[in-house]
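In what follows, a single structure is set out as C-alpha cells and then discussed.
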Amino acid sequence: MAFRRLLGRTGTTATTDGPEPTTDGQQPTVGAEPGLPVDTSLVTEAPQPTADGFDVLVTVAETAYRTGAHLTVVDAARTAGARTVVVSAYDVHAGPTSTYPPVVGGDDHVVARPTVAATWGGAVAAARPLLRSGVVVFQDAGILLSEDGILRLVAAVTRSVDADQDRQEAVVALPVVRSTDDLVASAGAVLVRRTAPVASLLRGHPHEDAEALAGARVFAGDEPCFAVRTDALAVPVVTVDTRTAVARLTRDSADAGGGDCVVVPLGRVYRTSVLRERRYDTDAADALAVWGDRSDDAAVVALARLGLAPGVPTADPVGAPVALREPVVRAERVSTLERAERLRWSIRIAAHPGPRGDDWGDTFFARDLATALRGLGQDVVVDHRESHVRPFSEHLDDVALTLRGLDDTPVHPTATNVLWVISHPDLVTPAELARYDLRFAAGPVWAARVAAETGLPVEPLLQATDPARFHPGAADPAFPDLDTAFVGKTRRVFRPVVRDAVEAGVDLSVWGEGWETLLPDGVHRGVFVPNDQLPALYRSARVVLNDHWDDMARDGFVSNRLFDAAASGALVVTDPVAGVDELFHGAVRTYDSVATLGALVRAGESATQQERTARGTRIGTEHAFARRAEVLLDAVRQERAAR
C-alpha cells in the first residue's frame, strides 16, 4: 500500500475477468513479500478470450515503474475503453541476486504478478493468462500512444485491410514509432539475413516517408507497441534482446492466425526511452535460428510504394561492446526517368520537432511550402532542427532547402543546397552564403546589398500565403465585435505597435504569449490562436496590427502576417517597411507616430466589401506559396541542368 499511496492512486478496484486482486490491489500470490527476487520463469498458460472488446497490456521497465511512468499509459487505455488493463514489469539488466519491492495493482489496473520479470518476454508471458478480450494492445510505458491510436490499432485487427491491392488479413497491427527528433524509429521489422537480427524499416527516415506505408505488410514488429488478435497470441521467447523478443512474438502470432503484420501510421507515436541497444545472449541466437529457411519479400513491396528498394544491409556501428550488431536497411531509389522531374526536397527549419515547435511560424511556413511543392509533383519532407543531418536517409534527398531563421544549418553533402533567408538577416554571414548553390531572401533591400558586398547572387523572394485558407469572407461569430487585433508573442518586451495602440487609445485585442502582465485589463484575449482559426480572426477584425523586427524592417523583410491578413481581406496597419505600400494594393498602410496610428485605425476601411474581397483575392493569387514554389523549382532545375 505504501508504494500505491506514493503514486497517488485512489478510487475503486478495477474489474477484470482474470484473477481477482486482493483488497490492497495486489495480485494474490503465495509467499509474496517485499524484496522478491527477479522472476526468471516463463509462464506459458494461454489467454482465454471469451468476450468482445480489447485489453491493454502495459509492459514497463522496472526503473520506469518506480517513478510511475506507466500510469499515463494506464489512464489512456482506460479512457479508450479497455476492458482490462494489465501491468507487467521487467528489467533486462537485472542480475540473479537483484531484489525489488513487489509490484502492486492500482484502482484502474491489475498486475500480472508481483515479481519483476527478467525479460520483456517474461513480462508478457506472465500477463497472458489474464487476457480475456478478443484483441490485446501491447504498449510499453516508454512509448506514447494516444487513446485514438489505441482504438485505431484495435480496429486494424478486427477487419481485413487492403494492402498492395490484395486482401490481407491483419492479425498484428503495428504503429510507426518515431524517435523524439521526429524521425522514424521503426515502421516494422525487416528480415535482412537468415538468423541475423531484424532491422527497423525506414529507421532514420523523415516521418513523412512512413505515411505511404498505411496497410503495408511487413515481416514482423520490433517495437513493443502493437495490437494482436488474442486467440492468435503466441508464446513469447525469453531473451534479454527485446527487439528479437518482439519480432518473434509478432511474427509467430501472425503465423498462428494465418495472416500478416500490417503497418498503421498513427501520427505522433514517440519512443521516449532508449531501446536501441541490442544485447547478445544464446537465447536470442536460438530465437533467430527458426527463420533459417525463411525470406522476406514484404520490405521490397513496402518500399516500392516510395519508389525505393532495399540496399545492401550495413551494421550500425553505435552500441556497447556486448551489443548484438543491428543491421540497417539503407533504402535506395529505384532509377527511373521520372526522377529528373520528381525531385525529393528536404525543407529545413529551426523549429523544434513535435509539440514544442507546433506554434513556430517556421513550422506553418514549411508546411504550406511543402504542400505547394507537392502540388508541383515534388516529394517533400520537413526536417526540424534535430534532424538536419539524417545519416540513414539523407542520401535520398535531391534538394536541401534551408528556411533561414535562427539556425545556421550544415549543408547537404550531395544535394542541391538552397538558402531562403526569411528572418533574422543579421545572423547570416558571407561564409554561410558561400556554402549554398542558390540563395534567396525575403528582403529585396538586403538581397541587393549583400549581393553587391559579397559578389554572390542573392535573388529576392518574398514571403507568401496560402489562399486556400487565407481568403476573404464574412466575419466569424467566434470573434464578435472585434475592432483592432494583434496576434503575436512577446518576450516580456512591449512591442512598439502594441505600445503605440495602447497609447492611442484604440479598442485593442491581443493574442499571444508573454503579454499577461503588460497590458491593461481586458486587452489580452488569449495566449494562442490555432493557425486554422487565424483566417476567421483576420476576416472579423475591423483593423489588424502588425510590426517587424528592426533588422527586418530596415532590409525590406515583409512580415508573413501581412500576406495572410491582407489575403483574408483585412485592413492592416504596420510600421514602415520598404515597398510595402505598393505591394498590397492599399490593404496595408504604414504609420510613423502614435497620432498617425490612431488616425488610421479610427478612419478604418474606405473600400466596399466587394472591393475588399477582390483585393484580398488578388493578393492571395499574386503571393501564393504556389508562386514561390514555382520560382524555387525552376531555379533548382536550371542549377542541376548546368552541373
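Within segment 425-569, all pairs of alpha-carbon atoms sorted by distance into 10 Å bins from zero give the percentages 11, 33, 29, 19, 8, 0.
Taking amide hydrogens as placed 1.01 Å from N in the peptide plane, the amide H of Glu459 sits under 5 Å from those of Arg439, Phe440, Ala441, each at least 5 positions away in sequence or on another chain. Across segment 106-253, counting alpha-carbon atoms alone, Rg and Dmax equal 15.2, 47 Å.
Taking amide H positions as modeled 1.01 Å from N, with prolines and chain starts lacking one, the residues under 5 Å from Tyr270 and 5 or more places away or on another chain are Leu144, Arg178. Farthest toward the positive end of the dipole of segment 391-485, out of Phe392, Ala468, Gly455, is the Cα of Gly455, where the dipole comes from beta carbon charges about the Cα centre. Taken one residue at a time, the phi angles of segment 369-377 give Karplus couplings (6.51, -1.76, 1.60, θ = phi - 60°) of 5, 4, 4, 5, 5, 5, x, 9, x Hz. Gly and Pro are set to x. For the chain, relative contact order (Cα pairs under 8 Å, six or more residues apart, normalised by length) works out to 9 percent.
Using equal-weight Cα scatterers in the Debye expression, the normalised intensity of segment 548-643 in log10 at q = 0.18, 0.23 Å⁻¹ is -0.88, -1.19. Selection among Ala284, Thr239, Gly215 by position relative to the dipole of segment 188-316 gives Gly215 as farthest towards the positive end (Cβ unit charges, Cα centre).
With viscosity set to 1.567 mPa s and temperature to 4 °C, compute the Stokes-Einstein D of segment 219-265, Rh being the Kirkwood radius across alpha carbon pairs; µm²/s, no decimals.
On the way: Rh = 10.7 Å.
Stokes-Einstein gives a translational diffusion coefficient of 122 µm²/s.
When Ser387, Ser295 are compared by accessible surface with a 1.4 Å probe, the order from highest to lowest is Ser295, Ser387. For Ala468 and Thr67, a Förster radius of 45 Å and the Cβ-Cβ distance give a FRET efficiency of 0.50, rounded to the nearest 0.05.
Highest average first, the peptides 388-398, 422-432, 215-225 ordered by how many other beta carbon atoms sit within 10 Å of their residues are 215-225, 388-398, 422-432.
For Ala51, enumerate residues with amide H under 5 Å from its amide H, sequence gap 5+ or separate chain, H modeled in the peptide plane. Long-range HN contacts for Ala51: Gly134.
Per-residue packing, averaged as other Cβ atoms within 10 Å, sorts the ranges 375-381, 121-127 into the order 121-127, 375-381, beginning with the highest.
Multiplying the sequence separation of Asp481 and Ala452 by 0.36 nm and subtracting their Cα-Cα distance, what value in nm do you get?
Details: separation 29, 0.36 × 29 = 10.44 nm, distance 4.93 nm.
Going from the current span to full extension adds 5.5 nm.
The values are calculated or read from the model by the stated rules, or taken from the named source; none is laboratory data. Fair warning: this is a prediction, and the values are worked out from it, not measured in the lab. Every residue, glycine as well, gets a Cβ built from its backbone with ideal geometry; the counts of neighbours run over all protein chains shown. Ligands, DNA and RNA are excluded from the accessible area calculation, which covers all protein heavy atoms including side chains. Shrake-Rupley method; radii C 1.70, N 1.55, O 1.52, S 1.80 Å.
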